[in-house]
Amino acid sequence: MNSQAQDTRARHQATSNARARVKTRHPGIYYREDMDGATRRYIVWYTCSGCKVMGGCPGHTETLPVGSLEKDAVERRAELTSTKAKRARVVVTKLTFGQVADEWLEDTKLRVAPASYKKYDTVVRLHLRPRFGKRKLTDITIDDVANMVAELKAAGKAPWYISAILVPLSRIYASSIRKGWVGFNPVKGLERGERPTLEQKKMEILDSAEIQTLLASTSDRWRPLFATLVFTGMRIGEALDLRWSTSTRTWSRSASRRRRRAATARSC
């Protein structure tokens, strides 16, 4: 009876020794041996950022396939820790997309022109908040954005229209990544076929003969304006905004029009 008990304890001890992790001379590299000690399974221990809001990462292990060598384990751990070093710390957040979008709009209002802010606010109000507003910021995936783009295309929306919606969405996520609220931007994950394709129209430039024909067929009243547009490349609004100063004998933009534009922007 005593002999059987000793044999049982010996077998349990051998099994325990076989299952025990043995530390190597390399940090974070361990191995286990099988019962006969002929096969080693290497284990890599590493940490990652963002697993816990408080206290950091508790650590993870990865067991390499049978036949892997110690140098393979060292290379694998170097790869894992390198990936960790490149990844910014992500703090788990329960904020909804609507809350983050509102905060982004407030910050953006101080940095962009009033007209640009008005466009962003319109996109958030009409497109992004109704679709994503109540969802958690971290729950919105690449597929969600791709489905939105596909629905807009199916509705006949132009590529520039869809791009105008994706721009503020992407910037909201870029700001959130910087603050550590999310770890990726779903807009950046769209494949080429999922993105709207903007067609660039070929710019037609008049040659000398065509310019002469154009100006010759223009009345005396409008010829100076057309000549200014052709030879300076100004937009029509920029040209109409010019005023001649008799004191300085130079052209300048209308001060009254600038004041009207500023007043209109402040009222928006």
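Looking across the stretch 66-107, just one residue is of a type in the set (Ser, Thr, Tyr) and modelled with pLDDT of 85 or more, and that is THR96. Among residues of the stretch 20-35 that are part of a strand (DSSP E or B), those with a beta-carbon under 6 Å from a residue that is surrounded by 15 or more Cβ atoms within 10 Å (Cβ to Cβ) and of a type outside the set (A, V, I, L, M, F, W, C) at least six positions away or on a different chain give the pairs VAL22/TYR31; LYS23/TYR30; TYR31/ARG40; TYR31/TYR42; ARG32/ARG41; GLU33/ARG40. Taken over the stretch 188-221, the criterion of being over 23 Å from ALA174 (Cβ atoms), among the basic types (Lys, Arg) and modelled with pLDDT of 85 or more is satisfied by ARG221 alone. Looking across the stretch 156-169, the residues that are in contact with a helix residue (DSSP H, G or I) (Cβ under 9 Å, 6 or more places away or on another chain) and either of a type in the set (S, T, N, Q) or within 18 Å of ARG125 (Cβ to Cβ) (or both) come down to LYS157, TYR161, ILE162, ALA164, ILE165, LEU166, VAL167, PRO168, LEU169. When MET234 is tested against (1) more than 30 Å from GLU103 (Cα to Cα); (2) assigned to a loop (DSSP other than H, G, I, E, B); (3) in contact with a helix residue (DSSP H, G or I) (Cβ under 6 Å, 6 or more places away or on another chain), exactly one condition is not met: (3). Taking the listed residues SER116, SER175, the one that is touching a helix residue (DSSP H, G or I) at 6+ places or on another chain (Cβ under 6 Å) and small (Gly, Ala, Ser) is SER175, with no other qualifying.
For LYS153, the stated conditions hold: it is among the charged types (D, E, K, R) and surrounded by 11 or more Cβ atoms within 10 Å (Cβ to Cβ). Is there a residue being in a strand (DSSP E or B) and of a type in the set (A, V, I, L, M) anywhere in the stretch 237-246? Within the stretch 237-246, one or more residues are in a strand (DSSP E or B) and of a type in the set (A, V, I, L, M). Out of (1) in contact (Cβ under 8 Å) with a residue 12 or more places away in the chain; (2) of a type outside the set (A, V, I, L, M); (3) on the phi < 0 side of the Ramachandran plot, what's the single condition that is false for GLY180? (3) is the only condition that GLY180 fails.
Applying the condition of being without any contact (Cβ under 8 Å) to a residue 40 or more places away in the chain and surrounded by 13 or more Cβ atoms within 10 Å (Cβ to Cβ) to the stretch 124-142 and asking which residue is nearest to the chain's Cα centre (by Cα) yields PHE132.
The values are calculated or read from the model by the stated rules, or taken from the named source; none is laboratory data. It should be emphasised that the depicted structure is a prediction, and the values quoted were computed from it without experimental measurement. Don't worry about glycine lacking a Cβ; one is built from the backbone with ideal geometry, like all the others, and counts go over all protein chains shown.
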